[in-house]
Every structure is written in C-alpha cells, then in structure tokens.
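Worksheet for the structure shown next.
The values are calculated or read from the model by the stated rules, or taken from the named source; none is laboratory data. Quick caveat: nothing in here was measured; it's all calculated off a predicted structure. Here the Cβ is made from the backbone with ideal geometry for all residues, glycine too, and neighbour counts use every protein chain on show. Heads up: the accessible areas ignore ligands, DNA and RNA and are worked out on the full protein's heavy atoms, side chains in. Shrake-Rupley method; radii C 1.70, N 1.55, O 1.52, S 1.80 Å.
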Amino acid sequence: MWWREGAVYQVYPRSFADASGDGIGDLEGLRARLEYLAWLGVDAIWLSPIFPSPMADFGYDVADFTDVDPLFGGLDAFDALLADAHARGLRVLLDWVPNHTSDRHPWFLESRAARDSSKRNWYRWRDGTPDRRPNNWPAAFGGGPAWTWDEATEQWYLHTFLPEQPDLNWDEPEVVAAMYDVLRFWLDRGVDGFRADVVHLIGKDPEMPDIPAEPVAGGHLTVVGAHDYEGTHELLRGVRALLDAYPGQRMMVGEVNLTETALIAPYLGSDDELHLAFDFASLGVPWEAAAWRRRVADVEDIMGPRWPTWVFSNHDQPRIRTRLGGSEARARAAALLLLTLRGTPFLYAGEELGLEDAVVPPERVIDPGGRDGCRAPLPWTAAPPHGWPVEPWLPWPPEPGSRNVEAQRADPGSMLHLVRAILRARRASPALHAGSLALLDAPGEVLAFERAAERETRRTWINFGADEAALPAGWTAEVRTDGRDGRALAPDAGALLRPA
Ligand code: NOJ
C-alpha cells in the first residue's frame, strides 16, 4: 500500500509558494513547485485546509467543506493541481476537519438561528444560565471555557477550540450523512485521502462529565474519558467503510492528539478504523540514545504488527531543528531517523532544508495558538524576497540566504541533497519501506536498529554522543549525515548501512 511504503510531505499552503502576489501561498504557487517535490522524492502531499474560511484558526475554521477559498485559487485551481500532481506520481491528501466548523458555516448559522431550527441538533447545544456552564471543559488556545453562551437563544454551545469553531454533533445522523457527502465530494474528484483533524474528538460522552482537576493541567486534549470516548470508534468504522469502497487505495491518517502510543493505537481498530494515526509522543523525546531506544522499543511493543507513523515537525509544533537547539548536524541525523524507522514518515515542508522557526516579533504575532514561528514561509531563492513575488505574511525563518531551495539544490553537500538521498534509498529498499525493525546492541550513545525484509537488510546508526563512534565491521555506509569517509561517525551524526 502506498501509504505504508511512501513518505508524506506536509504543505502548509499559506506558506509554501505564492503565484497571485498577495504574500500568501496558493495552489498555483504549489502547482508550479510540484517539480521540486517529485525531484525530492516524496510520495504524497498533505495540504492543510484550503477551504473557504474566515481564517480565525487559519483554515481550521471551515465555512464550506466542498469549495476552495479564493485566497488559494478556487476549485479549478485545485483540479489543475490534482491532475499535475498525479501526472508526477504524487498522491494528494486533503485536511478534513470533522470535529467542528466555522461559526460562519451555513450549518451553524442555521443551527444558531432558533432553538427549533432543523439544524439545532447538528451542534452541541446545552441548557444552563449565563453564569453556569454545562461543565468545566476548557477550550484550546488561551484556556478559556469550551462553552459560549448564545444570548438570542439562551443556550450554550460547545467549542473545543475557539468560540469561532463550534463542535459538530456526531450523534446526529444528519451530521454523519453530511460529512460523508463531504468525503465523497473530494473522493469523486480524485483525492487520494485525508488527514483528519483531531478525529478522536468526534465522539463525545453524552453525559459530558466534568474533567477531573488534575489531568487538565496536562492538557485538555489528552483527557481520557472526556476526549477519548469509545463511541468514536464506531464512527470511524463507518468512515473507513466509505473510503475502502473506493478503488485506488484511498486512505485516512487521523490526528489522534493523545499523549501515549497505547492510547492512539486503538484508533486503528482491527484494521477497520483509521488507516494510520499520528503519534505525537516522539515530539517530546530528548536528544539521547537511551531515550530514543526506549521510544522505538515502546512503539514496536505497542504497535506490534500495526503500522506506526513518525512526525517530528508540523504546523502546530516548534520545528525539530529548533527543538534540537538549532544544530544542523542534529537536524540531519534526525532526518535519517525519521525516514528509516518502521512506519510512515511525515515530513513538514522545510524540514528537508533544515529550517528553524522564525522569530516573530510581538507586533507580528497573529495566531491565537502562538504557532506563527513554525509556519514561516519557505524560502525558494537566496535573494530577497526569496522566490516570493512580495514579502510574505509571516517573517522568514533564520538564514533564508542559505537555507533555501535554490542554494541547497546547487550544493551536493546540503541537507536537501541528504534528505533526497535518504528518500531514494528508502524507496529502493523493501527493508526500509516495508520491513521489520529490531533494536541492536550498540555503544552507549549510539542508537542502532536493523530493518529487514525477505532478502535484504539495512541498519541505521545514530550517534547522539559528543565523541566519535566507530561504525560496525561488515557494513558499508549507503548514506551518512556527516559527509565523512572512514569508520568514525561524527558526534550528532547518523549512517544508513548495508552489508559490505
Ligand atoms: C489541529 C490542527 O492541526 C490545528 O492547527 C488546529 O488549530 C486544531 N486542530 C483545531 O482544528
């Protein structure tokens, strides 16, 4: 299956490439850069939301699920993009946002209009008084309550995120049917699948119990019971059946934003729920061999035969290089790790260039969730404005004069060429894209594992230490991140090995 073997590249459309000249990336801009993505060697692209939206949450507040915002170019631009991507062998995933809509979505406007509206039950309305919320759930971004009082109809509505993002009520069969229609609309148009936004939140305990005081401190999205409700699984089985009825290996990778792999794995069901589930537990792992060894062992133990995913960066989190203290050596070694572990890797646009988060001055902060830094625009060329027609909507990431596509494409020693070489090795090797994984004994600061398929083995060695580490006898480096020859692996470096 392509979605098990391939590598997926996340495009944050506003920050990728701008053709219209308004400083915000768009689909024509992306289409013009498909050549780059095919050259890089990824198998699929996932586009963060491109639908009409008031942009309170930069597209995750959808006002129409079956159209494309004029900002990004409209449906025709999407059809052209999809056709060109397919012609280049690139699959395309859209971002389906099932938990909530914009408060400007016609469904919500109608729902809000009156208590007896035919769409009242499409959202999660509750009785109460203005001074008494239905429960203690906090909203994301700012930590205010997850409930907003509607003066006109004198009820509360639930919004797990911003007040501009009311939660849909998946207990209402009409909502399920409407959201199925959304999926069919895009599947019929030819998309290869979806990334499903906070999909673990669609089922909710009808009792809506208070969250116990303690776990709230750990982040409301991870609270078992309130946001990991068993009813979600049945809903996901329905979605899976819809997708699997289509030809062509359509798929869904779900954002299951729970803290532990053991909580996430059940969302794959018995291969009858999500095809893949994001596992963000790796985002907090420190740069230490022992910590990574534990992490990989955990994923193997918990996932068993199920297929993991690996995510080191995305549009919600500080970039991996930023988290690693800015070191290019570490960012390179991390790229080797990401792309050679067992599972489907998700590469966030710019990770291949070793981008760091932009430093955003207070007057330019615009995201309510404080995530502007990792959403900085992609520099295409060395000279300002770096391949954009005008200065883009957010500040540049650090050192755009060298960390850009043009400069790194011209330099065979660049991080970009390294990532391309790893992707090539991965595509060519069944051990890497489909094989099993076994951790190996290795000297103290080295993480070593073997990937094996029927007639092939590969080994990954990552040296987390401050001293050189000797590579094992009997193995030759196919790719190494330190650019060296010989048997000594540099500190903060990795090597992909094959039998000599
Ligand atoms: C997760 C998305 O990745 C994030 O960007 C968004 O703000 C929330 N879900 C709400 O849709």
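Quick rundown of the values:
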read-out: Given (1) touching a Phe, Trp or Tyr at 6+ places or on another chain (Cβ under 9 Å); (2) more than 26 Å from Glu356 (Cβ to Cβ); (3) open to solvent by less than 50 Å² (accessible area, probe 1.4 Å), number of the condition Arg498 does not satisfy; value: (3)
read-out: Any hit, region 264-273, residues being within 27 Å of Gly373 (Cα to Cα) and more than 16 Å from the ligand (Cβ to nearest atom); value: no
read-out: Residue check, Pro362 open to solvent by 50 Å² or more (accessible area, probe 1.4 Å) and within 16 Å of the ligand (Cβ to nearest atom); value: no
read-out: Where a residue in region 191-211 is basic (Lys, Arg) and its partner, wherever it lies, is surrounded by fewer than 16 Cβ atoms within 10 Å (Cβ to Cβ), with Cβ under 9 Å and at least six apart; value: Lys204/Asp171; Lys204/Gly231
read-out: Pairs, first on the phi > 0 side of the Ramachandran plot in region 348-362, second assigned to a helix (DSSP H, G or I), C-beta under 8 Å, six or more apart; value: Gly354/Arg321; Gly354/Glu328; Gly354/Ala331; Gly354/Arg332; Gly354/Met415
read-out: Boolean, Ala265 is in contact with a Gly (Cβ under 9 Å, 6 or more places away or on another chain), within 30 Å of Asp205 (Cα to Cα), part of a helix (DSSP H, G or I) and among the small types (Gly, Ala, Ser); value: yes
read-out: Region 347-359, residues that are more than 16 Å from the ligand (Cβ to nearest atom), crowded, with 23+ Cβ neighbours inside 10 Å and part of a loop (DSSP other than H, G, I, E, B); value: Gly350, Gly354, Leu355, Glu356
read-out: Subset of region 27-40 (residues that are open to solvent by 10 Å² or more (accessible area, probe 1.4 Å) and of a type outside the set (Lys, Arg)); value: Glu28, Ala32, Glu35, Ala38, Trp39
read-out: Single residue of region 94-134 satisfying the filter (within 16 Å of the ligand (Cβ to nearest atom) and part of a strand (DSSP E or B)) that is farthest from Ala196 (Cα to Cα); value: Tyr123
read-out: Condition check for Leu47: within 16 Å of the ligand (Cβ to nearest atom), surrounded by 22 or more Cβ atoms within 10 Å (Cβ to Cβ) and aliphatic (A, V, I, L, M); value: yes
read-out: Verdict on Leu27 being under 30 Å from Asp411 (Cβ atoms) and more than 16 Å from the ligand (Cβ to nearest atom); value: yes
read-out: Qualifying residue in region 76-93 (condition: surrounded by 17 or more Cβ atoms within 10 Å (Cβ to Cβ) and within 16 Å of the ligand (Cβ to nearest atom)); value: yes
read-out: Of all residues in region 140-162 being within 13 Å of the ligand (Cβ to nearest atom) and in contact with a strand residue (DSSP E or B) (Cβ under 8 Å, 6 or more places away or on another chain), the one that is farthest from Ala241 (Cα to Cα); value: Ala146
read-out: Single residue of region 55-75 satisfying the filter (more than 19 Å from the chain's Cα centre (by Cα) and within 23 Å of Leu236 (Cβ to Cβ)) that is most open to solvent (accessible area, probe 1.4 Å); value: Thr66
read-out: Flag for Ala334 being on the phi < 0 side of the Ramachandran plot, in a helix (DSSP H, G or I), in contact with a Phe, Trp or Tyr (Cβ under 9 Å, 6 or more places away or on another chain) and open to solvent by 30 Å² or more (accessible area, probe 1.4 Å); value: no
read-out: Looking only at region 244-264, and only at residues there that are without any contact (Cβ under 8 Å) to a residue 12 or more places away in the chain and not acidic (Asp, Glu), the one that is surrounded by the fewest Cβ atoms within 10 Å (Cβ to Cβ); value: Pro247
read-out: Qualifying residues in region 124-161 (those that are among the hydrophobic types (A, V, I, L, M, F, W, C) and within 15 Å of Met208 (Cα to Cα)) - the one surrounded by the fewest Cβ atoms within 10 Å (Cβ to Cβ); value: Ala139
read-out: Residues of region 280-304 satisfying the condition of being open to solvent by less than 10 Å² (accessible area, probe 1.4 Å) and under 19 Å from Tyr348 (Cβ atoms); value: Ser282
read-out: Breaking point among (1) under 21 Å from Gly193 (Cβ atoms); (2) in a loop (DSSP other than H, G, I, E, B), for Met252; value: (2)
